[in-house]
Every structure is written in C-alpha cells, then in structure tokens.
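Written below as structure tokens is the structure these notes are about.
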Amino acid sequence: MDTNALALPFNLRPMVLNDAPAVAQIEAESYDDAWPLEEFVGWFDYPKGLAAVCVDDTAGGTVAGFVLYERHFKRLHVANVAVAKLYRRRGIAQALLRHVANDALSRLCTRVTLEVRKSNASAIACYEQLGYVHKKVIPNYYEDGEDAIFMQLRLKKPSTGGRPVQRKSE
C-alpha cells in the first residue's frame, strides 16, 4: 500500500475481519446514520468489496481510519470513509483516498466516484483538494432526506510513478 502520503507512526494496510469492531466504532462516532457492525462484517462476503485501514503503530495498531470501496467495471466507488475523532486533521482521509486512486490505476480504472452529504463542507473540501469534481446533486439520497453530491475523480496513468493525475472534466 502507498504509505508515502502518511507520516510515521501511521500505516495503511488491507482491512481484515478483526478490524470490523474498531471500524464500526469509528463509523458510530462519525455519522448519525452509521452502518452497523454487521455491514462491515458482511463487506468481506461482497465480491466487489475492497477495504483499507490506517493504523497508529505507536498505539498498538489502533485503527485510526478506514475506507470501503468497490469495483464497477472501469471505476472504483468509495462506499464509506471515516477517521476517528482523535486522529482527524492529520491527512489520514486524504491518504486513504489516495490509496483508492492508486488502486484504481493499478486495476486500469479511469475514475473514482463517491457521494457526500451536501452539508458536509469539510469532506467536500477534502475531496476537492484531491481533484474530485461535482458531477450532480442526488435529491433525498440519505434516509433523513438530505441531498448528496455525486463527485468524481478522473484518472490517467502518470508518466513516471507518482500520484494519480486528474483529467480535465469532460
């Protein structure tokens, strides 16, 4: 995994089943409409499901953040991403999303997509910093009736190994 984006003591690795309780805890502290533990356990049975965690090596490998994503033909879709409150504002979400973009390139995908609550200004700013662009608003997307913004990152292979490069919007 691409650990270059994180400063020590953080490390990115594939999520394993034993991470599910910690991931569910991060989810519960991050979202009012949190996924239950069973959703995270079930992710391992989902054939298109992929997942990574960021761990704090100085805290016994404590899970600091996670990303769940899935493959759809030439696209990876971020289904869920969150960082524990204690670890926010340290670049962990960006590192997890860069990992997804790099994984997309390695799988010959051309884009990464996600939905975000229209009211989540900090997440939208994070995604924009990484090159995601607004594609459309999805009315009443969330259970509480809030709209979602569908965002997309277009990718092309870098000429020399490095970070993914955003394509100009079409």
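The values are calculated or read from the model by the stated rules, or taken from the named source; none is laboratory data. In this text the structure is predicted, and so the values were computed from the model without any measurement. Backbone-built Cβ (ideal geometry, glycine too); neighbour counts: all protein chains shown. Calculation scope for accessible area: heavy atoms of the full protein, side chains included, ligands and nucleic acids excluded. Shrake-Rupley method; radii C 1.70, N 1.55, O 1.52, S 1.80 Å.
Values computed for the structure shown
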{"read-out": "Share of pairwise Cα separations in the chain, more than 30 Å, in percent", "value": "12"}
{"read-out": "Protein accessible area in the stretch 51-147, 1.4 Å probe - carbon and sulfur %", "value": "49"}
{"read-out": "29 Å Cα-Cα reach of LYS156 towards lysines, excluding residues that sit fewer than 8 places from it in its own chain", "value": "LYS48, LYS74, LYS118, LYS135, LYS136, LYS168"}
{"read-out": "For the stretch 37-54, Karplus couplings with θ = phi - 60° (6.51, -1.76, 1.60), whole Hz, Gly/Pro x", "value": "3, 4, 5, 6, 5, x, 4, 6, 8, 7, x, 8, x, 10, 7, 9, 10, 10"}
{"read-out": "Paramagnetic label zone (point 7 Å from Cα along Cα-to-C-beta, ARG88; backbone N under 16 Å) in the stretch 26-70", "value": "26-34, 64-66"}
{"read-out": "Under Karplus coefficients 6.51, -1.76 and 1.60, residue-wise ³J(HN,Hα) of the stretch 111-126 in Hz, glycine/proline x", "value": "7, 10, 10, 6, 10, 9, 4, 4, 7, 8, 4, 5, 5, 4, 4, 4"}
{"read-out": "Amide proton proximity set for LYS135, modelled H, under 5 Å, gap of 5+", "value": "PHE150, MET151, GLN152"}
{"read-out": "The chain: antiparallel DSSP beta bridges as a percent of all, rounded to 5", "value": "90"}
{"read-out": "Amide H contacts of GLY61 (H built 1.01 Å from N, under 5 Å, at least 5 apart or other chain)", "value": "ASP56"}
{"read-out": "Using θ = phi - 60° and Karplus 6.51 cos²θ - 1.76 cosθ + 1.60, couplings along the stretch 132-143 (whole Hz; Gly, Pro as x)", "value": "5, 10, 6, 10, 6, 9, 10, x, 6, 5, 8, 4"}
